[in-house]
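Heads up: the structure comes next, in structure tokens.
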Amino acid sequence: MSHFLLLGADGAVTRAAVEASPAHGLQVAKPTAPLTSRVAYAAAHVVPKIHADNTPGQPADIDWDATLAFRHHVWSWGLGVADAMDTAQRNMGLDPVAVRELIARSAAEARSVGGALVVGVNTDHLEAENVPLAEVTAAYLDQLAFTEDQGAGVVLMASRHLARAASGPDDYRRVYGDVLERAQTPVVLHWLGEAFDPVLRGYFGSTDVGAAASVLIDIIEAHPDKVQGVKMSLLDAASEIAVRERLPHTARMFTGDDFNYVSLIAGDESGAAGSYSDALLGAFAAVAPLASAAIQRLDAGDRAGYQAILGPSEALSRQVFAAPTFFYKTGVAFLSWLNGHQPGFQMVGGLHSARSLPHLSEIVRLANAAGAFEDPELAASRWNAFLNVSGVAA
């Protein structure tokens, strides 16, 4: 049987037998009907051309065939795609021109197959870091209009510009209120924590989660027909549950907690509204077959089956999203490459170099244990060769 080479932080090399992937067994199969018990989106990454100048500071040169094929892979498993989000390297290599092309292309592909799609709307096309609130609002509205013209759903992302310009909670209420008034369809609000982006510390006007949540809820309650839910990405399960319990009945909680999603999505056994979280996760891009199969088990009322399939993936996700968390995109692209969804381990902005070989090796070990490799032999071949050319002897 084939094996994975594993590289420890001390330089020691060990071997792990390739585990059979549940994606090729009866337990994990593509759904034959839409998923019903949870709404689930995988936040997708982008694939650059292998021959492009994928170095820091250079414009993104995207391999559109591979990038869009990955979105079809996600849709084929019954999941929705969340695009042009932080997983797609917004503010970390994906420039504004590439963002717009990504949104337009993904929206066209979604229409072609009836796939669920939401995309990020932000203010990141502004060249200056510090701008007045009126310019923040105008920037949001510019991206909102473009996105709605493409027919895509909207995730109103946390804005660095707003975080810098706001002097207190009322500024968040004002800007979001003005933007929501212009939204043509209900949007998802995104609360992204400082682990993902330190500039966003104190978003919604406070570093106290409860106080910030009150501002968020004020915004939703003032515009109940314009907000379909909240994507909460604080990596704090207790805080998410506390906010989830306070949400108006018109709004869903979409977990963005890549550390604790298994229990948050499962919720309690009542299945009542507000007792569980839906999903909008970068982690689900890395484990789409497992995520789909697990939700299929929830659809069938099999909570134990859900746990058995998805539970082991959480340790893998914790490694991918380990501090510094904003480099998690490297792990998502790495697993995409090992699973055969892109020709090489390259990322825009040179981000493929953001994690060490021992860190990647631990991702391999945990993915193998979780059954996250769709073609384990291919994954082993690619990883072992990658280690060999990096100077690690078998």
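Okay, here's what the table says:
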item	result
Column: log10 I(q)/I(0), Debye, Cα scatterers of the chain, q = 0.11 Å⁻¹	-0.76
Counting DSSP beta bridges with both ends in the chain, the antiparallel % (nearest 5)	20
Mean Cβ neighbour count within 10 Å, used as a protection proxy, ranking 169-180, 364-375, 3-14, 206-217 highest first	364-375, 169-180, 206-217, 3-14
23 Å Cα-Cα reach of K329 towards lysines, excluding residues that sit fewer than 8 places from it in its own chain	K49, K231
Relative contact order (%) - criterion: Cα under 8 Å, at least six apart; region: the chain	22
Cβ charges +1 (Lys, Arg) and -1 (Asp, Glu), total dipole of the chain, debye	620
Approximate spin-label separation R111-A238, in nm, with each point projected 7 Å along Cα-to-Cβ	4.8
Chain lengthening between A393 and D10 when straightened (0.36 nm per residue, less Cα-Cα)	136.4 nm
Positive-pole candidate from T325, Q342, I295, dipole of the range 283-362, charges at beta carbon	T325
Length-normalised contact order of the range 272-394 in % [C-alpha pairs under 8 Å, at least 6 apart]	23
The chain: calculated mean residue ellipticity at 222 nm from DSSP helix runs of at least 4, using -39500 (n - 2.57)	-13000 deg cm²/dmol
Rounded to 5, percent antiparallel among DSSP beta bridges of the range 1-133	45
The range 202-282: GluC sites (Glu not before Pro) in DSSP coil with no more than 10 other Cβ atoms inside 10 Å	E269
Length released on extending from D208 to W64, taking residue separation times 0.36 nm less the Cα-Cα span	47.7 nm
Where N is the number of residues in the range 32-160, Cα Rg divided by 2.2 N^0.38 Å	1.08
Charge dipole (the chain, unit charges on Cβ, about Cα centre) - positive-most of T67, V392, Y261	V392
Theoretical FRET efficiency, 1/(1+(r/R0)^6), r = Cβ-Cβ of D178 and T32, R0 41 Å, to 0.05	0.40
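Read-outs: derived from the displayed coordinates by stated rules, not from any lab. Predicted model only: the values in this text are computed from it and were never measured. Cβ: placed from backbone, ideal geometry, glycine included. Neighbour counts: every protein chain shown.
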